[in-house]
């Protein structure tokens, strides 16, 4: 028996991927420091799947704790989610982001090397494309970053490329996510942000559940059909299936690949709000305010490479995304608390 290790396995995307892996009869270990997550998510994952996983509290900056996991369990591959991820916070605390995200990944790869585990699925981000000029965004688009969070993901991409060049036995899938939203259809696991949400959908759901008075829409003068920003929103369950597909792909190939995970379809902020209201019959009061510094007009993926290499495409619609987001929030008004 061998295990798939998920760093940050109790987080939003980690917990949905843990569920997908258990449902596919994989053995799963979650290694998470619970800074931005809750062990309750993994209890619910086990309930939903009817299968158990190994839940270990630990930090990727702690080499000894990581080594103990590899010492104790036969691990065949790692999916690396563990990271700090708030753009605004990264600007205020850049050193924390570089230490946690970059040093944490270096630590993990060192321990993996030590134990001869060289299959890695890395959680990257569309932020590595910066303010891309051409839509849809292909994997070969120029890379740049406009904040320390994006910069940390870009640095890790360079580090992993160098690692593979130095040792071709490494098999690495770098998955560039676009905008994950939604929740498992059961309503039992979902996005549970600390404090004020950084992302659109949890903000909408918190307004819907009465936690916040209204939604601020940043920027209404972009060169888009309705003036608001356009993004490629992807259902988290589709994203979780993408990790499963990447894991399968790494069994067959050598090398390092960079793969977009998105729908290829852009939706504006106002389209998402209107869809949420229509599908869920809940009014979302909002105000149009100034653009946020660093925000771009539009960003959506060219997902052709994922379809070709991973045999993966998204299945969920915008209606599924808004319905599942609301189902999670109304059933869990205080998240996992």
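The residue list 204, 172 contains one member that is more than 24 Å from residue 296 (Cα to Cα), surrounded by 21 or more Cβ atoms within 10 Å (Cβ to Cβ), in contact with a helix residue (DSSP H, G or I) (Cβ under 9 Å, 6 or more places away or on another chain) and at pLDDT 95 or above, which is 172. Take the conditions (1) under 30 Å from residue 336 (Cβ atoms); (2) modelled with pLDDT under 95; residue 146 misses just one of them, which is (1).
Number of residues in the stretch 269-306 that are surrounded by fewer than 14 Cβ atoms within 10 Å (Cβ to Cβ) and either within 16 Å of residue 201 (Cα to Cα) or without any contact (Cβ under 8 Å) to a residue 24 or more places away in the chain (or both): the value is 6.
Selection over the stretch 307-335 of residues that are more than 16 Å from residue 264 (Cα to Cα), touching a residue at least 60 places away in the same chain (Cβ under 8 Å) and assigned to a loop (DSSP other than H, G, I, E, B) gives a count of 3. Select from the stretch 143-156 the residues that are in contact with a helix residue (DSSP H, G or I) (Cβ under 6 Å, 6 or more places away or on another chain) and assigned to a loop (DSSP other than H, G, I, E, B) and write down the one among them that is farthest from residue 229 (Cα to Cα). Here the residue is 143. Filtering 192, 179, 198 for residues that are surrounded by 21 or more Cβ atoms within 10 Å (Cβ to Cβ) and at pLDDT below 95 leaves a single hit, 192. Within the stretch 174-216, the set of residues being more than 18 Å from residue 237 (Cα to Cα), part of a loop (DSSP other than H, G, I, E, B) and touching a strand residue (DSSP E or B) at 6+ places or on another chain (Cβ under 7 Å) comprises 214 only.
The values are calculated or read from the model by the stated rules, or taken from the named source; none is laboratory data. As the structure is a prediction and not an experimental result, all values here were calculated from the model. Positions of Cβ are generated from backbone atoms using ideal geometry, with glycine treated the same way; all protein chains shown enter the neighbour counts.
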